[in-house]
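Notes for the one structure printed next.
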Amino acid sequence: MSLLFPSPAAARAFAAAARCASALAAGLAPHYASSQSMNPVVVTATRTETTVDRSLADVTVIEAQAIRDAAGATLPELLRSAGGIEISQTGGAGSVSGLFLRGTRNSQSIVLVDGIRIESPLSGGGLVEHLPLSAIDRIEIVRGPASALYGSGAIGGVIQVFTRQADADGWWPHASAGFGTQGTRQLQAGFRAAREGTRVALSVAHESTDGFEATRPGSPDFQADRDGNRQRSVTGSLSHRFATGWEAGASLLLNDGRVEYDDAFSTAATARQDYRSGAASAWVRGRPSDDWQTELRAGNSSIDYGYQAFTFAPRTDSRTIAWQNTLAAWGGRLLFGLESLEQRIDGDGVTRGGAFVYARDSRSTDSVFGGYERAFAAHTLRATLRRDRIEAVGSETTGALAWGWRFAPQWLLRASYGTAFRAPTFDDLYNPFSPNPTLRPEKSHGYEVALEQRSGADLLRATAFASRIDQAIELDSFFTARNLARAHVHGLTLEARRAIGAWTLRGSATVQHTEGVSVDPVTGARTDGELARRAPRYGVVGVERGAGAWRFGVEAIAQARRFDTLGQRMAGYAFVDAWASYRLAREWELFARAGNLGDRDYETAAGYRSAPRSVFVGLRYAAR
């Protein structure tokens, strides 16, 4: 345990969390839990289909019903209900959002859409605030180092979004309309259809809100106006299963919008950002033999945006080709594959439009990965290894080991170790004002030990984790990115879920200790402190009930005090959300959601208000 908890602060955190275990064992829950399958099949944890209990990883699945219950919310708001994730936002829908998975920052986790990496090559972040919740059918969250499977950026974990797919023969149209406070409006319509091995799905959506005043008086970014957002999205998929057992398909997500914001460099009339994001993929998979499954997937993702107040309009592309194979071999399962990623940047203020442009506009990454898994009676072992060669950066090798012991039918003890890295971004290396082409990748190693009990829909799990990130990339006093720091994160997450008749209760609580160490390159002065926007304690508890025509739920989300990037103190907070739905007929449903019921005034980014009390109501049609 000394590896996991090397400091007295961590030991105290462990003891505090242990005192919460009896309460969690009663099964306090966020609203998505009861709709989750008892033992769902996931693909993100291992890159192959496996059940959650065999994944040997800290995995959470958010199913379609939970996403429908969250109508009126945003993707970042839904993710913070999942446990083990902290969110920061500089306003409401569409505003800049930070994603902190186990204490790592936004650019240290990967976001996938239908198997394709979506991120900005400039900053390295997945920009989840630009992904419309209405287009999403399912979400898988994997916490912990995952570079051995996914390469650069997977230090904190991986979040994979799956868009709508047809899953049953027939014709299944759907539509919904909703309206709420702050001028919020959402419209969506589409269909799913399947026949004789061919499946197709198409959905369109329009969402808008007038927003609220995002900044506080006294903030240098304050503007006396409401900051709204509007976005439109199209989601589609097509697949066909051939008589030979092979299958081919494609999926598409397109989204564009405009978000209003506050900052010190714009006026209320010009503080506008136009954005577009897209993810498209095509794939073919099948079995050349009974023991061999293969898949070839190609895709492209983009995150483009521009500002009305000044000339900076990046256009980004990330093109991926991956070939993956799974073989039954030597009494277990063998995984191996190749992957190629080509990233490009373009646009005003990036490659044209003046004397200041980025020194490089493209970068390629070539990767090979493999793994082996085998069960020995009650034990399971898995090893994975990956080699990435990144143009103009160098090569990195990462690996992971995982072990699980099912010492009783309902009990599992597991442990894992993994290394991970994050390559410097285009902003770090090539920006026109303070580039640093000598930067080295961030490197990390992390440990995890978990004990879990599953019985039907009930779950009790304790997960201890620790990670260290070396050569962390930070800006110095001249705003130049340098390998100046290291960071430590260790903590404990307790989760519990319990079904009692028509009621489901569940909860997740995390205690953690975060520490960053930086050294000024000029003076040599050393600075230690907590990592910005990460709390020593946070969690979610809730309850839901589904019986007859009614379904309803309530959840509370809390976060302890934190510090922001310039040392500003942000107080702890807790707020409550609620939702309900009533089935009028087999296909028709009324739904409502109330956010921040107590109208709590709190911050997740210093100087920025979070959303006030809101109400959203709507009507949904879905053929069944």
query = Hey, Ser233 hits all of (1) among the polar types (S, T, N, Q); (2) modelled with pLDDT of 95 or more; (3) over 24 Å from the mean Cα position of the chain (by Cα) but one; which does it fall short on?
reply = (3)
Residue list for the stretch 604-624, restricted to those being at pLDDT below 95 and charged (D, E, K, R) = Arg609, Arg624
request  = Please give the number of the condition Gly516 fails out of (1) part of a loop (DSSP other than H, G, I, E, B); (2) at pLDDT below 95.
outcome  = (1)
ask   = Got a sec? Which of Ala33, Ala71, Ala23 is at pLDDT below 90, within 22 Å of Phe575 (Cβ to Cβ), in a loop (DSSP other than H, G, I, E, B) and open to solvent by 10 Å² or more (accessible area, probe 1.4 Å)?
value = Ala71
key: Filter result (of a type in the set (A, V, I, L, M, F, W, C) and in contact with a strand residue (DSSP E or B) (Cβ under 8 Å, 6 or more places away or on another chain)) within the stretch 218-232   = Phe222
task = Return the total of residues in the stretch 542-569 being assigned to a strand (DSSP E or B) and within 16 Å of Asp69 (Cα to Cα).
result = 13
ask   = Among the listed residues Arg526, Arg533, which satisfies the condition of being more than 30 Å from Val617 (Cβ to Cβ), open to solvent by 50 Å² or more (accessible area, probe 1.4 Å), out of contact with any Phe, Trp or Tyr (no Cβ under 9 Å at 6 or more places or on another chain) and charged (D, E, K, R)?
value = Arg526
remark   = With criteria (1) open to solvent by 30 Å² or more (accessible area, probe 1.4 Å); (2) in contact with a Phe, Trp or Tyr (Cβ under 6 Å, 6 or more places away or on another chain), Asn596 comes up short on (1)
request  = Mind telling me which of the residues Asp599, Asp577 ends up being charged (D, E, K, R) and in a strand (DSSP E or B)?
outcome  = Asp577
message = Testing Leu413 on (1) outside any strand (DSSP E or B); (2) surrounded by fewer than 17 Cβ atoms within 10 Å (Cβ to Cβ); (3) hydrophobic (A, V, I, L, M, F, W, C), one condition comes back false. Which one is that?
response = (1)
ask   = Mind checking which residues of the stretch 354-394 are among the hydroxyl-bearing types (Ser, Thr, Tyr) and assigned to a loop (DSSP other than H, G, I, E, B)?
value = Tyr358
remark   = Within the stretch 180-215, residues closer than 17 Å to Ser266 by Cβ and either in a loop (DSSP other than H, G, I, E, B) or of a type in the set (Val, Ile, Thr) (or both) come out as Glu213, Ala214, Thr215
inquiry  = Being more than 24 Å from Ile118 (Cβ to Cβ), modelled with pLDDT under 95 and hydroxyl-bearing (Ser, Thr, Tyr) is true for just one of Thr351, Thr267, Thr294, Thr326. Which residue is that?
reply    = Thr267
query = Restricting the search to the stretch 407-425, which residues are among the aromatic types (Phe, Trp, Tyr) and either out of contact with any helix residue (DSSP H, G or I) (no Cβ under 7 Å at 6 or more places or on another chain) or at pLDDT below 95 (or both)?
reply = Phe407, Trp411, Tyr417
ask   = When the stretch 249-272 is examined, which residues are found to be part of a strand (DSSP E or B), open to solvent by less than 30 Å² (accessible area, probe 1.4 Å) and either among the aliphatic types (A, V, I, L, M) or touching a residue at least 60 places away in the same chain (Cβ under 8 Å) (or both)?
value = Ser251, Leu253, Asn255, Gly257, Val259
query = Of these, Ser176, Ser219, which one is in a strand (DSSP E or B) and either in contact (Cβ under 8 Å) with a residue 24 or more places away in the chain or crowded, with 17+ Cβ neighbours inside 10 Å (or both)?
reply = Ser176
message = Going residue by residue through the stretch 492-499, is there one that turns out to be among the acidic types (Asp, Glu), open to solvent by less than 50 Å² (accessible area, probe 1.4 Å) and touching an Asp or Glu at 6+ places or on another chain (Cβ under 7 Å)?
response = no
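The values are calculated or read from the model by the stated rules, or taken from the named source; none is laboratory data. Worth saying up front: this structure is predicted, and the values here are computed from it rather than measured. Note that each Cβ is placed from the backbone with ideal geometry, even for glycine, and that neighbours are counted across all protein chains shown. Remember, those area values only see protein heavy atoms, side chains included, never the ligands or the DNA or RNA. Shrake-Rupley method; radii C 1.70, N 1.55, O 1.52, S 1.80 Å.
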